[in-house]
Amino acid sequence: MRLDDGGLLAALHEGMFQQPLWQDFLEKLRLRTGAVYTTLVFRPVDEDAIVELHAGPPPPTHLHSLFVEKYGRDPFPYRHMRDGRVYALAELLEESNPVHRAFNSELLVPQGITDMRSIRVTEPSGVDGWLACAGGRSIGPAVSALLTALAPHLRIALRAFVALEREKLRSTLTSEAFGRLNFGWLTLDARCRIIDMTAHVEQLFQRTSVLRRGRYDRLTPASPLIDRELTALVRHMADDPDSRPRAINLSRDPWMDILVAPIRGRSVSAGSTPVAIAYLSGDRWSQADRCEQLVELFGLLPSEARLAWAIAQGIPISEAAANLGITVETARNYSKKIYAKTGARGQAELVRIVLTSVLAIA
């Protein structure tokens, strides 16, 4: 039998992108070998973590119930199999072991399974995989040869699958961290169209009017002036990948900034080529929300909270007084009460206390 007959290898390498995993490969292998069942099992170093995949007709209800209630998993010593060697059922079935004999007579034989070929492959990170074909007379030397030929390809597929799952986990954790920091990123093509982004940015689009996904997936600021500035900036970065990053303030209440930087390493992904990455950082809350939180946190009066928030933004007290419509003298009196209620011993400490306390609530 030729290894690539029937698209077996293609199905093996595409199987990690399927749901259920490797379903087409297992079904093709079952039809190719004449097996009743084909199985692919992943067992990490932790024996309790098992991924079991199979193709074939569902077992009779009474046999399935017996398997679940009495065995839970087959009792054969798969962990003791040598990597890359094909084992027959007789080599795994210990006639002197009553559990093995019962499993064979009660479950395998009633399903027409009188022989099996199984091979173990080990992935460098410690994850093991077992591929097996179980059936009757058709399960013989030809099947052993096929599994031997498949072993190196299975090892590659398993390694790619483990790497893919690891990157998925890293991506999820990174996205959650960005979300907690009210931070996200998105990549743009030369026309300012969104190619990829973190989940947090999608949530930001839903709760703010400052920035949105426009027609043709174009990143569109609410301000026409900023829109033109951003469009020109991205076009310039497409022409000059060595141009310097630029920061743009999108909103002051709630505060939102964007840092746009060129992408020097081009992506091999399909679709438009990303030329720039935009880092978004913003506050979930408006200034009024923040002032309410300061009132709750430190027992400030609303007027004191407004001044405290202004000082925390680095605004000089004279300018803050003018913005709030109060005299400088009144602002100084308020600031004394703010320092007393927050326990701050100076402006720098007040900034630290206000920002960390407020961010903790957010």
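The values are calculated or read from the model by the stated rules, or taken from the named source; none is laboratory data. All of these numbers come straight from a predicted model, not from anything done at the bench. Note that we place each Cβ from the backbone using ideal geometry, even for glycine, and neighbour counts take in every protein chain shown. With ligands, DNA and RNA removed, areas are computed over all heavy atoms of the protein, side chains included. Shrake-Rupley method; radii C 1.70, N 1.55, O 1.52, S 1.80 Å.
Which value at 222 nm does the chain reach when only helices count, each DSSP H run of 4 or more adding -39,500 (n - 2.57), with the total divided by all residues and rounded to the nearest 500 deg cm²/dmol?
Numbers: 13 runs with 160 residues, N = 362.
That comes out to -14000 deg cm²/dmol.
State the extension gain, in nm to one decimal, for the chain segment bounded by His80 and Glu27, taking 0.36 nm per residue of separation less the distance between their alpha-carbons.
Taking 0.36 nm per residue and subtracting the Cα distance, the gain is 16.4 nm.
Report the local net charge at Ile194: Lys and Arg +1, Asp and Glu -1, summed over other residues whose C-beta lies under 9 Å from its C-beta.
Charge balance near Ile194 sits at 0.
D for the chain, whole µm²/s, Stokes-Einstein with Kirkwood Rh over alpha-carbon pairs at 20 °C and 1.002 mPa s: what number?
For these conditions, the coefficient is 82 µm²/s.
Net charge around Arg235, counting only other residues with Cβ within less than 14 Å of its Cβ (Lys, Arg = +1; Asp, Glu = -1)?
My count for the surroundings of Arg235 gives 0.
How high is the relative contact order of the chain, in percent, with contacts defined as C-alpha pairs under 8 Å that are six or more residues apart?
10
Quick check for you: with a 1.4 Å probe and neighbouring chains kept, what is the accessible area per residue of the chain, in Å²?
On the way: 19380 Å² over 362 residues.
Per residue, the chain has an accessible area of 54 Å².
Ignoring ligands, DNA and RNA, what percent of the 1.4 Å accessible area of segment 293-339 is carbon and sulfur?
Answer for segment 293-339: carbon and sulfur cover 55 percent of the accessible area.
Go ahead and run the numbers for FRET between Val351 and Tyr216, Cβ-Cβ distance against an R0 of 35 Å, rounding to 0.05.
After rounding, the FRET efficiency stands at 0.25.
In a shell of Cβ-Cβ distance under 13 Å around Arg215, excluding Arg215 itself, what net charge do Lys and Arg (+1) and Asp and Glu (-1) give?
That sum, taken over residues with Cβ under 13 Å, equals +3.
Ignoring ligands, DNA and RNA, please state the percent of accessible area on segment 125-190 from carbon and sulfur, probe 1.4 Å.
That share works out to 63 percent.
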